[in-house]
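Just below is one structure, and these are the notes that go with it.
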Amino acid sequence: MTQQNYTKREFLKLLGTGSLGIFFMSFYSFDDFLDDDLIILTKDDEKYDQYRKSFNKRIEKFPKIIAVCKSENAIKKAIALANEKKFKVAIRSGGHSFEGFSNVDNGMLIHLGLMNKITWLQENRVKLQPACLLQEIYANFLPKKRIIPAGSCGTVAVGGLTLGGGYGFFSRKYGLTCDNLLRVKMIDFKGNTIDSDKDPDLLWACKGGGNGNFGVVTELHFKTYPAPQSFSGYRMKFNNLTSDKFVKLIRLWFQATEKLPNEAFSAFVLNGKFLTILFTNFATDQTNFEKTFSSLIPLANDYKPMKNRNLAAALKNYYGVKEPIYFKNASAGLYTGIEDIEKGLEDIFSKVVSSKGMIYQINTLGGKINEIKSSDSAYPHRDINYLSELQAYWDFPSQEEKLTKSFEEVQQLLRNLGNTKQYRNYPDINYPDANNAYFGNNLARLQQLKKKYDPNNLFDYPQVIK
Ligand SMILES: Cc1cc2nc3c(=O)[nH]c(=O)nc-3n(C[C@H](O)[C@H](O)[C@H](O)COP(=O)(O)OP(=O)(O)OC[C@H]3O[C@@H](n4cnc5c(N)ncnc54)[C@H](O)[C@@H]3O)c2cc1C
C-alpha cells in the first residue's frame, strides 16, 4: 500500500495504536487486510477505486482516505485521524445513496462494507451491523420464518435504509424499517460510543433522520415478525397510452388503493407510453383481494397473477440490478391522494412520454406507518398514503444532460402543484429547502441534536443537517 502524504509512523502516532490494528499493503496481501480491523486506502492503492465507487455511476467523488472499518475500534481510530487531519467525513454502508452522499471529495470515507454481521438476540429481536444487505437479511431470516419490514432491492444496506426511513412490501402491516428499531449504537465525533438505551434522543433521530448526520451507527437492533406463509404478485401491463387513458387509469388506481388491506402493496409505474401496475399481497385469501382492483384488469393488455408463491423465491424477483448504473432518481412528492397531483396529470404524462429513459412511479404507504405520531420519530410524514419517485436511467454520460434537464422540469411541475413533502431516502440535491421537505416540524429537534452529537460538523455532505 502506498501512503501518499502519510508515513506509517505518522499514522501510528495519530492513531496511538502502536503497530497493532493497522497494516500496510506492502507487507500483507489484500486478503490479510480483510482479517484486520482497519484498512487505509489512498489514491494510489489498487483497491481504492473498488471501495470508492458507489451504486450511482453518475457521481464520482475522490476522498483523500478511505478507511475500511471492520470494528468499532477501527472506526474510532479513523475518526481520530479525521479530526487530526481536519477531514470532513462521509459514511457508507451499502453505497446506494441516490446523490452519492456516502462519499466525499478530499475528505475521509468511512466504509463499513465489511460490517455485516447478523446476531439473533431472541426469536423476535435481532442485532444487525449496518452493512447487512437486504438480500443477506432475507436469506438469513426466511429459513427462521422471520422478517423485518424492509425494502425490496437486494443490494441496499440496512444502515442507510433504516436511518432514512425504509419502506417495502410489509410496511403497511408492520411500519417502516425505522419504526421497528429498538436500539442503536453510534460512534460520535470524539470516538465515544453512544447507546440509545442510555440516550433515547439517539433512537428518535435514527428513526428516519440519521443518515450521515450525527456519527457512525454501528449496531441496529430490530423487532422481527413471523414471515408470511406465501406472497402473491399481480402484474398488469398497459401499452401505448394516450393522455386520456393515462388519466383514466391513474384515477382507477387511486380508487383501488384507497382501501387496500394492510398486507398489500401497490406500485403504479409509468415508463414512456407503457404502464405497469403491480399489486402484492401476503395474506392468504386471494379471491377477495383480486376484487380490489377488478376495475383495472379488463383494461390491461397483459395480466399476470402469481398467487401464493414461496416468499423467498418471490422476494428475489424484486432484488433488481446489482451492478452500478447511471441514474438520477428522487422523491417526487408524498401525496395524501390524487387531489395532490390531479391538476398536473396531463403535463406529467406528456413530459414523461417525451423523455426517453424517464419513469414516474407512485407506491402505496399508509397503514401501520400512519399509526405513529409525527413527533415520535424523526420521520415525520404520518398522514401520507403515497410516495412518488421520479427516475431517469441512461447508458452513456453524454445522455445525462438532456435527461436531467427534463427531470428538473418535472420536479418543478410537481412543486408548482404544491408538493412540498419529500422522502429523505430518495434525496434530490437540487431540491430547494430539502431538509424542511424531508423532516418538516421535526427539523428543529434534529438541528438541536446535530449540535449535541456533532458540534464541529465533522460528518458532512451536501444536505447534512446544519
Ligand atoms: C436500486 C435502489 C432501490 C431502492 N429501494 C428502496 C426501497 O425499496 N425502499 C426504500 O425505502 N428505499 C429504497 N432505496 C433507497 C435507499 O433506502 C437509500 O438509498 C438508502 O439510504 C441506501 O442505504 P445504503 O446503506 O445502501 O447506502 P449508503 O449510500 O451507504 O448510505 C446512504 C446514506 O446513509 C448514510 N449512512 C449509511 N450508513 C450509515 C451509518 N452506519 N451511520 C450513519 N450514516 C450512515 C450515508 O452517509 C448516506 O447519507 C433504494 C435505492 C436504490 C438505489
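So which residues in region 320-333 are open to solvent by 10 Å² or more (accessible area, probe 1.4 Å) and either more than 16 Å from Ala267 (Cβ to Cβ) or touching a Lys or Arg at 6+ places or on another chain (Cβ under 7 Å) (or both), if there are any at all?
Within region 320-333, Val321, Lys322, Glu323, Pro324, Ile325, Tyr326 meet the criteria.
Only residues that are under 23 Å from Ser354 (Cα atoms), at pLDDT 95 or above and surrounded by 20 or more Cβ atoms within 10 Å (Cβ to Cβ): list them for region 415-430, please.
Asp428
One residue is enough: does region 86-107 have a residue meeting the conditions more than 14 Å from the ligand (Cβ to nearest atom), in a strand (DSSP E or B) and surrounded by fewer than 24 Cβ atoms within 10 Å (Cβ to Cβ)?
No, the conditions are met nowhere in region 86-107.
Looking only at residues that are open to solvent by less than 10 Å² (accessible area, probe 1.4 Å) and among the hydroxyl-bearing types (Ser, Thr, Tyr) in region 189-229, which one is farthest from Lys316 (Cα to Cα)?
My answer is Ser196.
Can you tell me which of Gly344, Gly320 is at positive phi and not in a strand (DSSP E or B)?
It is Gly320.
Quick one: which of Ser152, Ser171 is more than 20 Å from Asn213 (Cβ to Cβ), open to solvent by less than 10 Å² (accessible area, probe 1.4 Å) and either basic (Lys, Arg) or near the ligand (Cβ under 10 Å from one of its atoms) (or both)?
Ser171
Going by what's in this entry, would Asp179 be described as within 14 Å of the ligand (Cβ to nearest atom), among the acidic types (Asp, Glu) and surrounded by 23 or more Cβ atoms within 10 Å (Cβ to Cβ)?
Considered against the rule, which asks whether it is within 14 Å of the ligand (Cβ to nearest atom), among the acidic types (Asp, Glu) and surrounded by 23 or more Cβ atoms within 10 Å (Cβ to Cβ), Asp179 comes out as yes.
The values are calculated or read from the model by the stated rules, or taken from the named source; none is laboratory data. Every value quoted in this text rests on a predicted model; they were computed, and no experiment measured them. Note: ideal-geometry Cβ built from the backbone for every residue, glycine included; neighbour counts use all protein chains shown. Heads up: the accessible areas ignore ligands, DNA and RNA and are worked out on the full protein's heavy atoms, side chains in. Shrake-Rupley method; radii C 1.70, N 1.55, O 1.52, S 1.80 Å.
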